[in-house]
Every structure is written in C-alpha cells, then in structure tokens.
Amino acid sequence: MRAPTLFLLQFAFPAALAAQGWIIPRPPIGPPVCLDSRCVAPRPVALERTSSNVRATLADHVLRYEVEETFRNNGGTLQEADYMYPLPAGAAFQELQLSINGQLVSGEIMDAGRARSTYEEIVRRQRDPALVEWMGYGLLRARIFPINPGEEKRVLLRFQVIAPREGDAIRVDYQRGSGRTFVATGAHDTRESSFSLRYPRSGRCNAYSPTQELQSRSNGSECTIEVGGEGAAVTILIPTPRNDRAAISMLANAPGSEDGFALITLTPPSGGAATVPRDITFVLDVSGSMSGRKMEQARAAGRQLLGTLTSNDRFRMIDFSSDVRTFRDDFVSATPANLEAARHYLEQLQANGGTNIDGALDRALSQPRYREGDGDEYASGRAHQSEDRLSLVLFVTDGEPTVGERDPGAIAAHAARLRGSQRVFTFGLGADVNAQLIEQLALEGHGTAQFVRPEEDVERAVGLVASRLTSPIASDLRVSVQCRGDGGCVQLAHALPDGPVDLFAGQDLVLLTRYSGSGAARLSFDGRSARGPVHWETNVDFPDHDRDNAFVPRLWATRRIGWLSAARRQNGASPEVDDELRTLGERYGIPTELTSYLVQEPQMAMNTPRRTDSFRLSDNGLARQAPNAPAAKFEAAREATAQRDTKSVGAMDKALSLNEVVVTGEGIASSSEKLGTSGEKDRVDAVKRGGDHLFAHRNDRWTDVGFKEGMSVVKIKAFSPAYFAVLDAIPDLRAAFAVGEKVLVAGKHVAIEVSVAGVDTLDGAELRSLKEQW
C-alpha cells in the first residue's frame, strides 16, 4: 500500500509550534433556579488559567516536554470543561495526568467510542475523569469534570518530538499564552508562566533567542535555559558545531522478542550547497473566507516568498476564488522590475467568491510556456522543467472546495496526473480547511503540508519553507544497509519516510524504522545534487537486545499511526488498517481516530461496565484475534464480562484460551497466560501500564501480561540493594517497578519478580547474567 503520511514528510522541515493548551467551559450544569414566578438561569462560569509551566529536555535530537497547567473555577456553579492542547506535528503523546483529590492520576488508552460513553456515564455520577481524544491534526482534547466553584484543577502532559535543525543551530519553538481574555468562553489566560530548557553542554552555554531574554546557567555537563519576558512565542536556537563531513548517528531500541527500532539522523556537511535555479509557483486562495486578517497575512506571505527569489529563479503567481487568475500569463524571471510588479499585484488582491481548488491546481501544475525577460517566449511544446531546474509549487488555502470539482479524491487524482516532477508544498489555514486534501497533495508531491492555526502567522510558515528551498543539498535521497562481518544481515522495514526524500540546506534527515537481524552493518545514503551524485556512509551496530532509548518505539509508532491514518483517509477503512491502528494506539498509549485516553478514579475503573475484544499475543505484540475464531468463545467472554460480580472474571478466564488477552473498557483486563486458576481468589481486579509493559493485578501481585509459563524467574526484595542494582543495570525497569511493591516483569528470556521473599543482594556475575538474559 503506497500511502505515506504528513507526519513522515515533516521530518525534513520544522514541526508546527508546540503551544500551551487552553480550556473551554461547557454550558453551565443544572436547570434554571425558580423563585415564585421568576426563573434565573445558572450564572456563566469564569475559568482562569492560573499557571503554565513548561519543562523541556533536549537529548539526541529529541525534545521531551512536560507541560503543567492549572485552572481555577472562579464562578459559582459546578462546571465541565474541555482542555485543548495542539501537539506539534509528529509529536509522540506519552501521557496526560489530571489532579483528583489533590493527586495526579494517569489514564489508559481504550476504544474511542467506549471511552467517550464511559466518560459521559461518570459525568452523570459527578466523578473526576479526563478524556483525551484525537481531534484532528495534532490536537488533543481532555474533557474534565467536575470543576467545583473555587476549585483549581491541575493537568500534566508529557510528549516527545524530534527537534529540527535550522542552519547551524537546533531550533526549539513553543507558543505561550498571549495574555488575552477569552470573552466568548469566560476563560482568562495565564497569570504565571515559565519555560525552561535543559540540553547537553558542549563548550559554552551559548543558546540565544530572537524573541526572548534568556537566563543561562551551567551544571557540569548540562546547560539550563530559563525564558523571561512577556512575549507569547518562545524561540531558542542552540548552536551546533560545523562539520566538513556528513555525520550519521543511530539510536536503537531492541526489545529482543520482536523487530528492533532505530532513529537514524543524517547531518550533511556544512559546506555551502550549490544554488539550483528554480521555477516557483505561488498559488493563493482569495475566496471570501480569506477576508480580513487572513488576506493581510497572505499578502505578507507572498512578499516574503518574493524576497527569497534569486536572479536565476523564475516565478509566477496564481490567485483563485470562484475563478482562477494569474500575474502575467506564464513564468517570468525574478528581475527587480518583475518583483516590484508582483508586489503591487499582491496589494490589489481582494477576497470574495467561492473556492475553486481544482481549477487552481490545474493552472498551477499544467505545463506552461516560459517567458524570459520582458517577452521572449519558449515554444509552447517545450518541457516545462529542464534537468538543471527545480520546480516548486507553494499552495495556500483556508477552506473546502466549493466551486468546480468538489470531491477531494478526484481533485488529488487530477493533481497527481499533472504534477510530473514538480514538488508541492501546501499550507492549510484555520480550522475549516480540508486536511485530507492538503495532506494528500503534499504527500504525492514530495513536499510538506503545514497547518496554521488561527492565531499563528502564515507569513512565518510560508517564509520559512520558502527560504529553506533556496539551496537543495540532495534530492531523491535513499537509505540502504550493507552487511558486514560474519553475522546475519540487517533489513529495514516500515521506514518513515518510506521513499526518496529531498534534503535542503540547514536541515537534517531523521529516519525512524524497524529492523530485523542484528550485528555490524554499513549504513549508506545515496542521492543526487547539482554537483553530481552524493554518497554518505558510516558503520553502525544494530543490537539484538537493547533496552536503552525507550522513547524510540513510541516515536516510530506515532509516525506509523500517521501513515496508517493517511492510508485510511485516502483508501477508506479496512480491517487490516483499523486493526493495526487500534493495536498501536492501545499498545503505546497514543490517541488515534479509533482510541482515546481516559483518566478516572481508581475505584471507578473497577465498576465500569466492560466491553471485550479478543487479542492474541504474538512476537510483534498485540494482534486482534482472527475473524474465524470460534464465535462461541467470543460470546462467552462478552456474556461473562457483562456482569460485575466476582464470578464474572473467572468465567471470562475460562472462556478464553491461552495466548489471548481481553481488552476491556479500561484496557487489558485479563492475562492470556495461566497466572492462576479461575475463581474469586484469582480474579483480575485492576490493570495498569508501566512503561511499555501491561500488568494485570491478581492474587495481590501485578503480573506482566507478557509473562510465559515456564520462564525463569529471579526474585528480588523491594527496595533492597539488589532492587536498586537491577534498576541501575536495566533503567527501563523503573516504570515497571513503580507499578507496585509486588510485581512480576517479563523480559526476553527471564522474568524479575519484586516481592518480600526476594533476595537482598546480587553479585556482579549474577547481575551481568540477568542483564544478558533480559
């Protein structure tokens, strides 16, 4: 299936700004209050964000964000609210915690429809859940209830994102509150905010910002930046050393029981790239919905684009509403006179009419005649792009097609037939844009899609992309692996991006991939440039078993989910795509179209009615039971879990054979393995996630659902010297051990049980053997 997604394309370009969240009150709860013959509606709720504190850590090209925000209900009525948070493109959601009775409580991924109905049921009982849903491109929504009069709610959000490079610096962007009052919702913006960034020190702590005053301090091998000032946008640039040679690095995570994960980064040489003559087409939506501030921003974006053109470039401008118009008839050279005339043309544009996207794309992608100087024309039959020119289309729109062809699939197919070798970069403005179409045009056009929220600056987005397109380092860049030594060969699979990419000046190429096999290998990148073929290579070692870099699988899963989501939008839902999408969302705790993230009180999780789906455990994690599984078994499980007495879980266990897992309304509820006999004594009474492990609580112990009968078990005493020695040797066990004082965690060849009957110490040989088997 050939359907890459927007997320993978944005590796080569900066992600959208990370931005602090905001809270939207729902309508006041309760009927009007009636006294005598007069009825008074409940007073509107005034919600205030009292603080927003952001802590970011940069390491190995990955930014780890922790966002902590508090909101207070200053009104006089009980209130439900939506907490909205726009994730940056390609961000890997880790968790959201909500303060319940003064403590932060984490949630669990589950089926989206079931999570929503569970939330609404709890709201009716006036309990405290938060539901995080996928609200479209990069936006999370947490529905929070109740917020009592005078009460303060605290939300903690964690996610990771790959940090882009801009020239000789790593760029960090974050959008803070603007200080404005949201009159329509009764919500006031932040009173207190902070932003801090920690990153490895290499020489001086010399980060700088074009937007803020920075306070820097050093702590040995680490630099810490505190951001002051009152501005909303935070931009920090961290200088990176210049290299005369390409640098290729790899971070690997190998669970051992399945294919490994790798994050591969290519930093090209710092030498100046050859400037390639370009043919640039700027296509601008001037329909009625673009009136006002959008139109002013679009004009500014056009001026910014014109400012990036060189004397070797040719350009044309196309504006469209119900009709399609052009500046000049064909391409013109970027002479001072033509540029000045184009700026004047931009200033005269007015927003009105419908949105004829298909007509605009037809004009932009059809082969034009070229116009040189003031009038010398090429023959109309001449090819519209020669081998030594780069043809780029920048397309800006804010809406749905309303004139001409309106079917997004037909529009995309028409554009694909016309595109040829042109690269297409799209910009979607506001909330009403057809995200599917914008993504698909860019995906098939080997470009990027940028989505600009209403409060963002489209001028900046267009200008940034346009300036980066001035100097291509390499085009049609591909990665390959050659085996070395006597070990088995390594093969890459499900790489994102999954095809040839273009790399421009001041950029890194970041690749997320699965791999099979292990051992030493040669990693190569090959492409072409204006100066001829390019080839960069390095020797790397793909580990067979390595628990380090636990964030890499989550980043890969996020990109894979984006790839599957794009395939689903383009080709329609299918059992294969939906199953993988749902499985990845549930396994890695990532909200998708089919899964949501529910936070609720622990006692509520016990009492929530359950819906069961059958899963089997495979080498690749959770996979849905094949459709031809015996129907009676499924019906028995459903019937058993429809009851909430102590016998129901025992009946459920009997209904399900070995190598199956039951996914309920609150997550994995029953292990597939023989963790005990059926009955009240051995029932599963809770579930919990610890890192990448899922645990079922049974017989007073948390047991990893990946534990296999007959596996060797090493028992250690909680909080003993052996306990801490194991954590030092295998750091990713920290999240698993935090599940409880009695926990059984499964590795590849051995399991570790923390219990009161475990050993106090392990000698060096025992510890090394445990780590090797793990």
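The values are calculated or read from the model by the stated rules, or taken from the named source; none is laboratory data. Quick caveat: nothing in here was measured; it's all calculated off a predicted structure. Backbone-built Cβ (ideal geometry, glycine too); neighbour counts: all protein chains shown. Accessible surface is based on the protein model in full, side chains and every heavy atom, while ligands, DNA and RNA are left aside. Shrake-Rupley method; radii C 1.70, N 1.55, O 1.52, S 1.80 Å.
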Seminar exercise, completed: Result for segment 196-351: accessible area per residue, probe 1.4 angstrom, in square angstrom, of 44 Å²
For this session: May I ask you to order 329-337, 59-67 by the average number of other C-beta atoms within 10 Å around their residues, highest value first?
Result: 59-67, 329-337
Problem set entry | Pair ASP544, THR211: separation of 7 Å Cα→Cβ label points (nm) | 4.9 nm
Problem set entry | Over 30 Å between alpha carbons, listed pairs LYS708/LYS771; LYS688/LYS748; LYS153/LYS715; LYS688/LYS771; LYS688/LYS715; LYS688/LYS717 | LYS153/LYS715
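Under 1.5 on a/c is rounded, so check that first for segment 261-300, then, if it is not, pick prolate when a/b is larger than b/c and oblate when it is not; a ≥ b ≥ c are the square roots of the alpha carbon gyration tensor eigenvalues. Display every interim value, and only then the final one.
Values: a/c = 3.57, a/b = 1.96, b/c = 1.82.
Here segment 261-300 falls in the prolate category.
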Seminar exercise, completed: Note on segment 719-764: alpha-carbon gyration tensor, axes a ≥ b ≥ c; rule is a/c under 1.5 for rounded, else prolate if a/b larger than b/c, else oblate; result rounded
Problem set entry | Distance (nanometres) between label positions extended 7 Å along Cα→Cβ at VAL756 and ASP526 | 6.5 nm
Exercise. What's the local net charge at VAL510, with K and R +1, D and E -1, over the other residues with C-beta under 13 Å away?
Worked result: 0
For this session: When a/c is below 1.5 the answer is rounded, else prolate if a/b is larger than b/c, else oblate, so apply that to segment 462-580 with a ≥ b ≥ c taken from the square roots of the Cα gyration tensor eigenvalues.
Result: oblate
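Counting only other residues whose beta carbon sits under 10 Å from that of PHE695, what net charge do I get with K and R as +1, D and E as -1?
Details: positive: LYS688, ARG689, ARG698, ARG701; negative: ASP704.
Local charge sum for PHE695: +3.
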For this session: Pop the C-beta distance of ARG417 and GLU66 into the FRET formula with R0 = 35 Å and round what comes out to the nearest 0.05.
Result: 0.15
Problem set entry | Virtual spin-label span in nm between GLU400 and ASP728, 7 Å along Cα→Cβ | 6.2 nm
Seminar exercise, completed: Inter-part gap, Cα centre of segment 516-580 to Cα centre of segment 53-130, in whole angstrom, is 30 Å
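Could you put CYS483, CYS223 in order of accessible surface area, largest first, with the 1.4 Å probe and the full protein assembly present? Walk me through the intermediate numbers first.
Numbers: CYS483 55, CYS223 0 Å².
If we order CYS483, CYS223 from most to least accessible, we get CYS483, CYS223.
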